[in-house]
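K.L.:
A single structure is presented below for examination.
The values are calculated or read from the model by the stated rules, or taken from the named source; none is laboratory data. Being a predicted model, the structure only gives us computed values, none of them experimental. Cβ placement follows ideal geometry from the backbone for every residue including glycine, while neighbour counts extend to all protein chains displayed. Surface accessibility is based on the protein's heavy atoms, side chains included, excluding ligands, DNA and RNA. Shrake-Rupley method; radii C 1.70, N 1.55, O 1.52, S 1.80 Å.
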Amino acid sequence: MYILNKCELAGLVLALALLGLPASSPAWIFGDVVTMEQLSFHPDSIKVPGDGFAVLVVQNREDGPILHEVVSPSLFESGTLIQVMGTGKVEYSGKRVSRILLYPGEEVVIWFYAEKGRTYSFQCNINGHSMQGTVRTS
């Protein structure tokens, strides 16, 4: 039996994500981009095809030194196939992602298996922020 190491798993997830997205989608290579600007997510809601891999890119584009987080109990729940990479700091609770911290200029790329009919919410509540966003599947 062959066990994949982290780099091989990341490559496999990326390959599956690229193959799972329709070529007509502008996100088929780069993913859907959500920016953090003026204490809100832009856009605050995106839609991705269900029952396939999706790519979500979150970027902190604040002008000032504002730290943001990405927290998502539904996206980071146990059992969700997910890979997280980028310049932000990923924090874990056991083996599960608990949150991602992003300073201005940093970004995170989240590859995940998007189940059909699901809504994945994400938030930034750090330092009293009240930013909300959603990923809906079709």
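K.L.:
What pairs come out if I take residues in segment 98-127 that are touching a residue at least 12 places away in the same chain (Cβ under 8 Å) and pair them with residues that are open to solvent by 60 Å² or more (accessible area, probe 1.4 Å) and of a type in the set (A, V, I, L, M) whose C-beta lies under 6 Å away, six or more apart or interchain?
P.N.:
Here the result reads Val109/Met85; Tyr113/Leu81, each pair linking segment 98-127 to a residue that is open to solvent by 60 Å² or more (accessible area, probe 1.4 Å) and of a type in the set (A, V, I, L, M).
K.L.:
Hey, among the residues in segment 49-65 that are over 12 Å from the mean Cα position of the chain (by Cα) and touching a residue at least 60 places away in the same chain (Cβ under 8 Å), which one's surrounded by the fewest Cβ atoms within 10 Å (Cβ to Cβ)?
P.N.:
Here the answer is Asp51.
K.L.:
For segment 104-138, what are the residues that are under 11 Å from Val71 (Cα atoms), under 14 Å from the mean Cα position of the chain (by Cα) and surrounded by 15 or more Cβ atoms within 10 Å (Cβ to Cβ)?
P.N.:
Selection gives Tyr120, Ser121, Phe122, Gln123, Cys124, Gly133.
K.L.:
Answer yes or no: is there a residue in segment 28-35 that is open to solvent by less than 20 Å² (accessible area, probe 1.4 Å), not in a strand (DSSP E or B) and not polar (S, T, N, Q).
P.N.:
Yes: one or more hits.
K.L.:
Across segment 78-98, what is the total count of residues that are hydrophobic (A, V, I, L, M, F, W, C) and open to solvent by 70 Å² or more (accessible area, probe 1.4 Å)?
P.N.:
2
K.L.:
Which residue, of Leu101, Leu75, is open to solvent by less than 70 Å² (accessible area, probe 1.4 Å) and assigned to a loop (DSSP other than H, G, I, E, B)?
P.N.:
Only one candidate passes the filter, namely Leu75.
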